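Engineer: I have a structure here, written as structure tokens, and I will follow up with some questions on it.
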Amino acid sequence: MLDKVKKVLKAEADAINAIPIDEQVEKAIQAILQCRGKLFTTGIGKAGYIARKAASTFSTTGTPAAFIHPGDAPHGDIGVLAKHDVLLTFSNSGKTREVIEMVHFARHLGVDTVITICSHADSPLGKESNIVLQLGQIAEPCPLGLTPSASTSAMIALADALALTVMELRGFTKSNFADRHHGGYLGKKSREEE
């Protein structure tokens, strides 16, 4: 049993370590830094949970962000998007119909910067995006080869890397953190004197 657990952990660590860090990552960071509106994230299923967590991390660290569910977007929620916003999409396959449709409608509302985290730039979602952060082909450690696990670990790690890099480049301070995360243990810790 323990060998099976180790195999899963190794597969997830390998997926994170294999993420290509290239000029597309730099372009994504610059696009987020230069965003004159808000950062919106989207994804569905397991990728949707990652997108929701990414929005929370960005907001906590000084980049106003919110998650839009692709299932709710066509029923009015997409109306929150505006011209100067950036849309960050998550889809391992890059073939998720609801997310692709959301990108089309976001473009109709004037959103001109779409960043996608997916397996390949030549996926349908990749082709609709300005900036594609490729994860590469990831073999899921699931015995069936199906359950998103290594791919979602790679997505969340890359999203965290973006958020924390942007945070540092903004000169975001402990006091700024306390303003946004005043509750709980971290809120108390952020208000402690150095």
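Engineer: What FRET efficiency comes out for Glu26 versus Ala178 if R0 is 25 angstrom and r is the Cβ-Cβ distance? Round to the nearest 0.05. Don't jump to the answer; show the numbers that get you there.
Structural biologist: Details: r = 30 Å, r/R0 = 1.19.
E between Glu26 and Ala178, to the nearest 0.05, is 0.25.
Engineer: Rounded, prolate or oblate: which one fits the chain, using the alpha carbon gyration tensor with axes a ≥ b ≥ c (rounded when a/c is under 1.5, else prolate when a/b beats b/c, else oblate)? Working shown, then result.
Structural biologist: Working: a/c = 1.68, a/b = 1.07, b/c = 1.58.
Oblate.
Engineer: Just to verify a number: FRET efficiency for Leu144 and Asp122, C-beta to C-beta distance, R0 = 25 Å, to 0.05?
Structural biologist: Details: r = 26 Å, r/R0 = 1.04.
Result of the calculation: an efficiency of 0.45.
Engineer: Determine which aspartates and glutamates satisfy two conditions relative to Lys4: a Cα distance under 18 Å, and not lying fewer than 8 residues away in the same chain.
Structural biologist: The reachable aspartates and glutamates, counting only those whose Cα sits under 18 Å from Lys4, are Glu12, Asp14, Glu140.
Engineer: Within the chain, what percent of beta bridges assigned by DSSP are antiparallel, to the nearest 5? Could you put the intermediate results ahead of the total?
Structural biologist: On the way: 0 of 16 bridges.
Taking every DSSP beta bridge within the chain, about 0 percent pair in antiparallel fashion.
Engineer: Shifting gears a bit: Given a Förster radius of 22 Å and the C-beta distance between Val80 and Gln34 as r, what FRET efficiency does 1/(1 + (r/R0)^6) yield to the nearest 0.05?
Structural biologist: Details: r = 20 Å, r/R0 = 0.92.
That pair, Val80 with Gln34, gives E of 0.65.
Engineer: Taking springs between alpha-carbon atoms closer than 10 angstrom, which of Lys83, Lys127, Lys174 fluctuates most in the Gaussian network model of the chain?
Structural biologist: It is Lys174.
Engineer: Something else about it: Tell me, in nm to one decimal, what length is gained between Ala161 and Asp3 on full extension, where the rule is 0.36 nm per residue of separation less the Cα-Cα distance?
Structural biologist: Extra length available between Ala161 and Asp3 comes to 54.0 nm.
Taken together, the values in this text are just the output of simple stated rules run on the coordinates, not laboratory data. All figures in this text were calculated on a predicted structure; none of them were measured in a lab. Cβ atoms come from the backbone with ideal geometry, glycine included; neighbour counts cover every protein chain shown.
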